Amino acid sequence: MPVAHAAKSFSRRSAFTLTKAESLLHRKRSGIVNRLAANASFLPSLTPQLSIVESQLASIQQYHTETLTLRAGIHWREQGALSAGYLKRTAAQRQTHQIMKQLLHPVTSTLCSTPEEMIRASVSFYSSLYSPDPIDDDAVEDLLSTLPSSLCLSASDQRFLINSFTYDALLDGVSRCPKRSSPGLDGLSYEILRLIFIHPSCRDLLLQVYNDAFSKGIFPNSWLGTSVSLLPKKGTSKISRTGGLSH
């Protein structure tokens with residue numbers, strides 16, 4: 001339809017323009033931050049510019065957040081005449097796909113059918129799977145001692161590896177995250193995580209969390225736990241043949 005075509009065309013142009021504007025603002029912000037880091041005397045003149053750029057970035061991110069919320073609501077309503085009916089069908093279909101009636105215990109080879117037994121069997125399998133194998137320290141030392149000096153890092157490279165994280169480095173890292181993903185234990189997908197990272201108000205907290213983890217070994221509790229959802233496959237009760245989805 002002409003109206004639908006016009007709406008889609010406008011949306012694409014608008015999204016492209018916003019993406020270019022956001023990239024330009026990020027480059028401007030990086031340039032200002034680098035100049036401030038190199039010469040603190042620029043602080044009085046560049047601080048107002050930095051505030052304006054960060055305010056514009058925050059406005060764009062707010063627009064992205066509202067757009068994602070709107071899209072989620074539209075998708076929810078379009079799947080059925082009643083939203084409640086769509087949710088019920090979706091939940092029922094997902095539950096049917098995820099139900100596992102039996103699992104074979106990896107150690108005792110007995111069939112487990114109750115939820116408690118299947119959880120214990122899964123914990124036993126994944127605890128063994130993710131436990132590191134012991135290594136021969138002497139063999140490692142012998143291997144390292146035979147490496148030629150050309151393969152060793154220079155002093156400057158060694159210092160670079162132990163430098164603290166910068167905000168720009170964190171932004172570069174989160175930009176490589178997948179565009180679509182299942183939410184983790186906190187319920188946040190990578191799309192939302194990226195919005196949090198690039199919000200100016202989160203800058204100091206992010207730097208503290210990542211640099212504490214890197215230099216002091218202080219990790220948030222959310223980094224120390226994971227959840228594995230087993231994806232059943234027809235015709236097998238072996239845990240090793242089920243798919244595992246980590247959150």
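The values are calculated or read from the model by the stated rules, or taken from the named source; none is laboratory data. Bear in mind the structure is a predicted one, so any value in this text is a computation, not a measurement. Heads up, the Cβs are rebuilt from the backbone with ideal geometry, glycines too, and the neighbour counts pull from every protein chain shown.
For residues in the range 112-134 being part of a helix (DSSP H, G or I) and acidic (Asp, Glu), which is surrounded by the most Cβ atoms within 10 Å (Cβ to Cβ)? Give the derivation first.
Taking the range 112-134 first, the residues part of a helix (DSSP H, G or I) are 115-129.
Subsequent filtering for residues that are acidic (Asp, Glu) retains 116-117.
Details: Glu116: 8, Glu117: 15.
Ranking the candidates gives Glu117 first.
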Inset, instruction - Please go through the range 129-160 and pick out each residue that is farther than 30 Å from Leu188 by Cα and among the hydrophobic types (A, V, I, L, M, F, W, C). - result: Ile135, Ala139, Val140, Leu143, Leu144, Leu147, Leu151, Cys152, Leu153, Ala155, Phe160
Legend entry - First in the range 200-228 and over 28 Å from Ser127 (Cβ atoms), second anywhere and β-branched (Val, Ile, Thr) and assigned to a helix (DSSP H, G or I), Cβ under 6 Å, 6 or more apart: Cys202/Ile196
Inset, instruction - Determine which member of the set Ala169, Ala155 is modelled with pLDDT of 90 or more, over 29 Å from Phe125 (Cβ atoms) and not acidic (Asp, Glu). - result: Ala169
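With the structure loaded, tell me whether Leu193 is at pLDDT 80 or above, closer than 27 Å to Tyr126 by Cβ and either in the same structural domain as Glu117 (by the TED database) or assigned to a helix (DSSP H, G or I) (or both) or whether it fails that test. Show your work before the answer.
On the way: at pLDDT 80 or above: yes; closer than 27 Å to Tyr126 by Cβ: yes; either in the same structural domain as Glu117 (by the TED database) or assigned to a helix (DSSP H, G or I) (or both): yes.
Yes, satisfied.
Consider Leu153 carefully, then state whether it is part of a loop (DSSP other than H, G, I, E, B), without any contact (Cβ under 8 Å) to a residue 60 or more places away in the chain and within 21 Å of Ser229 (Cα to Cα).
On the way: part of a loop (DSSP other than H, G, I, E, B): yes; without any contact (Cβ under 8 Å) to a residue 60 or more places away in the chain: yes; within 21 Å of Ser229 (Cα to Cα): no.
Considered against the rule, which asks whether it is part of a loop (DSSP other than H, G, I, E, B), without any contact (Cβ under 8 Å) to a residue 60 or more places away in the chain and within 21 Å of Ser229 (Cα to Cα), Leu153 comes out as no.
Among the listed residues Ser181, Ser215, which satisfies the condition of being modelled with pLDDT of 90 or more, out of contact with any strand residue (DSSP E or B) (no Cβ under 6 Å at 6 or more places or on another chain) and either exposed (fewer than 14 other Cβ atoms within 10 Å of the Cβ) or farther than 20 Å from Ser30 by Cα (or both)? Quick ask: steps written out before the conclusion?
Numbers: Ser181 fails: modelled with pLDDT of 90 or more.
Answer to the check: Ser215.
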